[in-house]
Each structure stands twice: as structure tokens, then as C-alpha cells.
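The values are calculated or read from the model by the stated rules, or taken from the named source; none is laboratory data. Just so you know, these numbers come straight off a predicted model, no measurement behind them. No Cβ is skipped: glycine too gets one built from the backbone with ideal geometry, and neighbour counts run over all protein chains shown.
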């Protein structure tokens with residue numbers, strides 16, 4: 001009975017996180033897409049990105065777009081298959097469905113919402129991209145693979161999986177903005193939507209397993225210090241993106257740099273994306289992890 005109550009409480013916390021993430025996803029969509037201020041902020045960041053790309057050496061831009069083009073149906077199936085194989089190697093057959101649930105549901109909902117449900121009103125006469133791009137499909141793929149990996153990984157490797165998920169999600173979020181493929185609100189929305197879906201999947205799995213709960217091979221939770229270090233690293237990378245870009249541009253071009261508000265909007269957006277990626281992953285892991293005295297579940 002105690003194990004069942006513990007599982008119910010754990011699942012409930014994950015469902016609360018899912019609900020909060022969905023609320024954030026909808027609120028961000030309302031502000032970024034359905035207000036003039038939000039559309040103007042997004043457009044300003046895109047203009048700054050276009051200006052930055054014009055001054056970046058062509059090989060750098062070409063490599064960034066090549067990385068984006070690698071994300072395809074084939075590569076996605078391969079990644080899901082690899083995660084499924086990891087679950088099989090861990091002798092956790094119930095975990096084999098996690099990649100398909102988390103990644104498949106996240107990508108599917110993203111595409112349905114973006115192309116069928118959500119619309120973009122014409123609030124600005126100079127809107128750079130008329131069609132709706134919220135949320136970002138590429139970023140959804142990146143963070144959903146990362147969160148699925150966290151769910152599949154044993155407890156002792158969950159911190160390493162969280163680091164990889166943060167790098168993957170943050171890197172993809174910045175690349176879609178640098179490549180002018182998406183507005184800055186798009187990857188932010190992808191983070192919120194995917195955290196909601198991954199939390200709901202984990203909550204359902206934990207709720208269904210309390211009667212057969214057993215100690216994992218490593219019952220300790222993910223280190224809180226490690227998660228704080230991920231968040232600190234995100235802040236440092238964000239600061240490096242903002243101040244480092246200004247310093248490098250100033251040293252290279254000097255007074256010839258024509259700094260505009262759009263440039264600041266672009267750099268701030270890149271920094272915000274990195275911070276949001278770190279916060280999304282660590283927030284999910286914190287709610288997923290249990291104190292060491294609690295029992296763990298064979299699903300996770």
C-alpha cells in the first residue's frame with residue numbers, strides 16, 4: 001500500500017508538470033503569435049539572424065544548414081531504434097515503447113498543431129514569414145530524443161543523459177534560429193510541449209507499475225548538484241553567446257559594425273533558447289527523480 005501511495009504521488013507530480021508545461025506552451029503561443037508585440041519581437045530576432053548570417057563565413061552557415069538537413073524520417077527512425085535497443089539491453093522490455101511514445105507523440109502533436117490547429121494572424125505589414133511556424137519540428141525531435149534517453153537510461157547514467165539532452169536541444173534550437181528556419185518562440189514552444197508529453201508518459205507508466213515496484217540497481221536519485229551545474233553551464237554558454245559575439249564582432253570589424261536593435265534581439269534570443277533548454281531538461285529530471293529512500297519502478 002505504501003509503494004502504491006508513493007507511486008501515485010510521484011505520478012501526480014509528473015502530471016502537474018505536464019499541465020504546467022502545456023499551459024506555458026499555450027501562453028507562449030498566445031503572446032508570440034497573437035499579439036503585435038510578440039510578432040514584432042520574433043521578427044526582430046529573425047532580422048538580426050539574417051544580418052548575422054550575412055557576416056558569418058559561408059562554410060559556418062553551410063555546416064549549420066547541413067546539420068539541420070540531416071534530421072529526416074530515416075535518421076529519426078534510426079535514433080528511435082537505437083533507444084529501443086538500449087531498453088532491450090537493459091532487460092526492461094516495457095521501456096522499449098518509450099521512444100515511440102515520447103518521440104512519436106511529440107513530433108505528431110507538433111506537426112498537427114503547427115499545420116492544422118494553430119494559425120498566424122496578420123498583425124504586421126512587414127512580417128518576414130507569413131505562415132505559422134510554432135512550434136519547431138526540428139527542435140521537438142531533438143529534445144524528445146533527449147528526454148526519451150533520460151527515461152531509458154539507468155539511474156547512474158541519467159545525469160549524463162541529461163547533459164546530452166541539454167546540448168542536443170539547445171544546439172538544435174539555436175541552429176533553427178541561425179538558419180532563419182524558425183522564429184525564437186518556436187523552439188521555446190517545442191521545449192514546453194515535449195516536456196509535457198514526456199512527463200505524461202512517465203506518469204502513466206509509474207501509475208501502472210506500483211504493485212510490482214522493485215529497487216533499481218542504483219536507487220540513488222540524480223545528483224541535485226549535477227543538475228545545478230547543467231543550469232549554470234547553460235547560463236555561462238548563454239553569456240558567452242551574447243557577450244562573446246559582441247566581442248568577436250568588435251575585434252574583427254571594429255567601428256564598421258552597424259549595431260542595431262535586431263542584432264541584440266537575435267543574440268538575446270539565442271541566449272534565451274540555451275537557458276530554456278537547460279531549464280526544461282533539469283526540471284523534467286528533478287520531477288522524475290525520487291529520493292533515495294523511496295522505491296523505484298521497473299518501468300523507469
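Residue 7 passes all but one of (1) touching a residue at least 60 places away in the same chain (Cβ under 8 Å); (2) surrounded by fewer than 21 Cβ atoms within 10 Å (Cβ to Cβ); which number fails?
Answer for residue 7: the failing condition is (2).
Taking residue 182, is it in a loop (DSSP other than H, G, I, E, B) and closer than 21 Å to residue 241 by Cβ?
Here the answer is yes, as residue 182 does meet what is asked.
Go over the candidates 171, 146, 108 one by one and state the one that is loosely packed, with under 14 Cβ neighbours inside 10 Å, in a helix (DSSP H, G or I) and under 17 Å from the mean Cα position of the chain (by Cα).
108
Give me the residue from region 120-142 that is more than 24 Å from residue 276 (Cα to Cα) and without any contact (Cβ under 8 Å) to a residue 60 or more places away in the chain and, out of that set, farthest from the chain's Cα centre (by Cα).
If we take residues in region 120-142 being more than 24 Å from residue 276 (Cα to Cα) and without any contact (Cβ under 8 Å) to a residue 60 or more places away in the chain, then 125 is farthest from the chain's Cα centre (by Cα).
List every residue pair whose Cβ atoms lie under 6 Å apart, where the two residues are 6 or more positions apart in sequence or sit on different chains, the first residue falls within region 274-300 and is within 20 Å of residue 11 (Cβ to Cβ), and the second residue, located anywhere, is at pLDDT 55 or above and assigned to a loop (DSSP other than H, G, I, E, B).
Hits for this filter: 285/222; 289/221; 289/222; 290/221; 297/209; 299/209.
So how many residues does region 203-229 have that are at pLDDT 80 or above and over 15 Å from residue 160 (Cα atoms)?
5
Consider residue 176 against the criteria (1) more than 9 Å from the chain's Cα centre (by Cα); (2) over 25 Å from residue 263 (Cα atoms): it satisfies all of them except one. Which criterion is unmet?
(2)
Out of region 10-41, which residues are touching a residue at least 40 places away in the same chain (Cβ under 8 Å) and either over 25 Å from residue 147 (Cβ atoms) or not in a helix (DSSP H, G or I) (or both)?
34, 35, 36, 38, 39, 40, 41 - these are the residues of region 10-41 that are touching a residue at least 40 places away in the same chain (Cβ under 8 Å) and either over 25 Å from residue 147 (Cβ atoms) or not in a helix (DSSP H, G or I) (or both).
For residue 129, indicate whether it is surrounded by fewer than 17 Cβ atoms within 10 Å (Cβ to Cβ), in contact with a helix residue (DSSP H, G or I) (Cβ under 9 Å, 6 or more places away or on another chain) and in a loop (DSSP other than H, G, I, E, B).
For residue 129, the condition - surrounded by fewer than 17 Cβ atoms within 10 Å (Cβ to Cβ), in contact with a helix residue (DSSP H, G or I) (Cβ under 9 Å, 6 or more places away or on another chain) and in a loop (DSSP other than H, G, I, E, B) - is met.
Would you say residue 99 is within 18 Å of residue 41 (Cβ to Cβ) and touching a helix residue (DSSP H, G or I) at 6+ places or on another chain (Cβ under 6 Å)?
No; evaluated as a whole, the condition is false for this residue.
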